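The values are calculated or read from the model by the stated rules, or taken from the named source; none is laboratory data. Given the structure is predicted, the values throughout are model-derived calculations rather than measurements. Every residue, glycine as well, gets a Cβ built from its backbone with ideal geometry; the counts of neighbours run over all protein chains shown.
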Amino acid sequence: MKKIIIIAGVSLFATTMNSTAQTFNGRKVIVYTTADTGNYRLTLTDTLTFTHKGQPLESEIEVFVDPGKTFQTYMGIGGALTDASAETFYKLPESSRKEVLTAYYDKKKGIGYTIGRTNINSCDFSSDIYTYVQDNDKELKTFDISHDKKFKIPFIKEVVAAAGGKFNLFASPWSPPAWMKDNNDMLHGGKLKPEYYAAWAMYYTKFIKAYQKEGVNVWGISIQNEPMAKQRWESCMYTAEEETNFLKNHLGPTMEKEGLKDKKIIVWDHNRDLMYQRAQTYFNDPAASKYAWGIGFHWYEDWSKGLQMFDNVRRVYEAFPNKNILFTEGCAESFDPNRYNAWALGERYGSSMINDFNNGMVGFTDWNVLLDETGGPNHVENFCFAPVHADTKSGKIIYTNAYYYIGHFSKFITPGAKRIISSASRSQLLTTAFKNPDGKIAVIVMNQGDIRTPYMLWVKGSAVQLTAHPHSIATLIF
């Protein structure tokens, strides 16, 4: 059964399959493609059939899939619901707002996001600098989230509804209030003063409970966004030992005392480069480790020089297999409206996601889900790309290639899926694969090269012949 779906202005087909055969010969493979050539955007491009295929030849290019070898459980994919995203959303006409919600959160008509991240206090992608308490209120008697009720909370509620009610929202602080810090400034780094550790730990619980009172469930928190970055926007510095001590002596016990033991706590929330050193410090301390659900990471190592430390994700996965590894932020920086169609935007996402999933990542959280035509709003003019932009003057929604690349994962992999082996015989093809809870397998194959690349998908002695378009990504479903 086939039906046409309109997604971001592009037609594509969805196919309902009922395949329970124990062998792969005769089984159908449905192929969805996004490519620089052919104007393919999550488009159904092939329906193929497995036939018998014995020993592959060295001259052939293959993608080998082994469903019998399973690894981490897939959590989901999503993006950040910042002040900037919310403000941009409510500048749009109702029809455009509905388009954005459908494109991101509808599993059939869109790409099925299931994760969100939001900011505690202001971040760079806020129009103003704010906290939820008055100065020097150590007892937090003035705690008030009225600021968030104007745009951010209504936006989050609409997102959760569009996602069907099943949604994991986590929250991260960029900085405590200025008066809690040794530089008396929310910006420019600084450290949390030890005398305010207890009050700051309570601050997270106040936030979670205030959001819950407004009908927004908070699944978890990270301790600090980018704790090793002194930024010209909201930032706060912790060494690994300082963050560990704050977790085990203050935040963890306070969350339990306040009845929030079920909320997940994410440590690090910064780049892959120092990821292992931080992980071993947290997780080798039993008193701290018991409170940590897992470790979050970003991708802001020097991408232009090819210095992404993908192997560091694997090192954490190997050393601490009982801890979850979640990508918590990434975006293309240096916004330029002339680069909306730059293919590199999507390829950056595809390369990162394939490598990180293969190294043990359970889920992926993009940065802002929506920004305006300036790459903001942003109170320090740190403008960047989002997968989707809105022209707030015309109401037009603009989809970068990153949206479609992310969709090749989020649309076809279901929370609860298990990663399985997918191995390419040539380095020009990047690949990963998952077995969904319903038994269907999703294999992602990405070609970063300039050449059309014929290859075979080979599974247990059965194969199908495919072609990877230049600068393309495809999802194969069977």
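In summary, strands (runs of 3 or more DSSP E) completely within segment 1-47 and bearing 2 or more residues that are modelled with pLDDT of 95 or more occur at 28-35. If the condition is being over 26 Å from Arg452 (Cα atoms) and either among the small types (Gly, Ala, Ser) or at pLDDT below 95 (or both), then segment 391-428 contributes Ser394, Gly395, Gly416, Ala417. Scanning segment 292-308 for residues being at pLDDT 95 or above and buried (at least 19 other Cβ atoms within 10 Å of the Cβ) gives a total of 7.
Residues that are under 30 Å from Ser289 (Cα atoms) number at least 3 in the following strands (runs of 3 or more DSSP E) confined to segment 314-393: 324-329, 363-368. For segment 304-331, taking the residues that are in contact with a Ser or Thr (Cβ under 9 Å, 6 or more places away or on another chain) and among the aromatic types (Phe, Trp, Tyr), the one that is nearest to Pro387 (Cα to Cα) is identified as Phe327. Being in the same structural domain as Lys108 (by TED's automatic domain parsing), under 25 Å from Leu81 (Cβ atoms) and part of a strand (DSSP E or B) holds for only one residue in Ala229, Ala171, and it is Ala171. Would it be correct to say that Lys440 is under 16 Å from Asp66 (Cα atoms) and surrounded by fewer than 19 Cβ atoms within 10 Å (Cβ to Cβ)? Here the answer is yes, as Lys440 does meet what is asked.
Rundown of residues vs (1) assigned by TED's automatic domain parsing to the domain that holds Phe64; (2) among the small types (Gly, Ala, Ser); (3) buried (at least 19 other Cβ atoms within 10 Å of the Cβ), yes/no style:
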residue	(1), (2), (3)
His379	no, no, yes
Cys384	no, no, no
Val445	yes, no, yes
Leu457	yes, no, yes
Lys460	yes, no, no
Ala463	yes, yes, yes
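Within segment 393-432, the residues that satisfy the criterion of being under 16 Å from Thr475 (Cα atoms) and over 22 Å from the mean Cα position of the chain (by Cα) are Ser423, Ala424, Leu429.
A single entry from Glu258, Glu243 fulfils the requirement of being more than 20 Å from the chain's Cα centre (by Cα), under 24 Å from Tyr196 (Cα atoms), assigned by TED's automatic domain parsing to the domain that holds Asp356 and surrounded by fewer than 20 Cβ atoms within 10 Å (Cβ to Cβ): Glu258. All conditions but one from (1) within 25 Å of the chain's Cα centre (by Cα); (2) at positive phi apply to Gly38; the one that does not is (1). Within segment 182-210, restricting attention to residues that are over 29 Å from Asp262 (Cβ atoms) and within 28 Å of the chain's Cα centre (by Cα), the residue that is surrounded by the most Cβ atoms within 10 Å (Cβ to Cβ) is Met186. Gly220 meets the conditions (1) in contact (Cβ under 8 Å) with a residue 60 or more places away in the chain; (2) surrounded by fewer than 18 Cβ atoms within 10 Å (Cβ to Cβ) in every case but one. The failed one is (2). The single condition from (1) out of contact with any Lys or Arg (no Cβ under 7 Å at 6 or more places or on another chain); (2) surrounded by fewer than 17 Cβ atoms within 10 Å (Cβ to Cβ) that Ala402 fails is (2). Residue pairs whose Cβ atoms lie under 6 Å apart, sitting 6 or more positions apart in sequence or on different chains, and linking a residue in segment 334-356 that is under 23 Å from Glu381 (Cβ atoms) to a partner that is part of a helix (DSSP H, G or I) and at pLDDT 95 or above, are Leu345/Asn401; Leu345/Ala402.
Rundown of residues vs (1) buried (at least 18 other Cβ atoms within 10 Å of the Cβ); (2) free of Cβ contacts under 8 Å to residues at least 60 places away in the same chain; (3) assigned to a loop (DSSP other than H, G, I, E, B); (4) in the same structural domain as Asn121 (by TED's automatic domain parsing), yes/no style:
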site: Gln212; (1), (2), (3), (4): no, yes, no, yes
site: Asn225; (1), (2), (3), (4): yes, no, yes, yes
site: Asn249; (1), (2), (3), (4): no, yes, no, yes
site: His270; (1), (2), (3), (4): yes, yes, no, yes
site: Ala279; (1), (2), (3), (4): yes, yes, no, yes
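Filtered by the rule that a residue be over 30 Å from Tyr317 (Cβ atoms) and buried (at least 21 other Cβ atoms within 10 Å of the Cβ), segment 345-376 gives Leu370, Leu371, Asp372, Gly375, Gly376.
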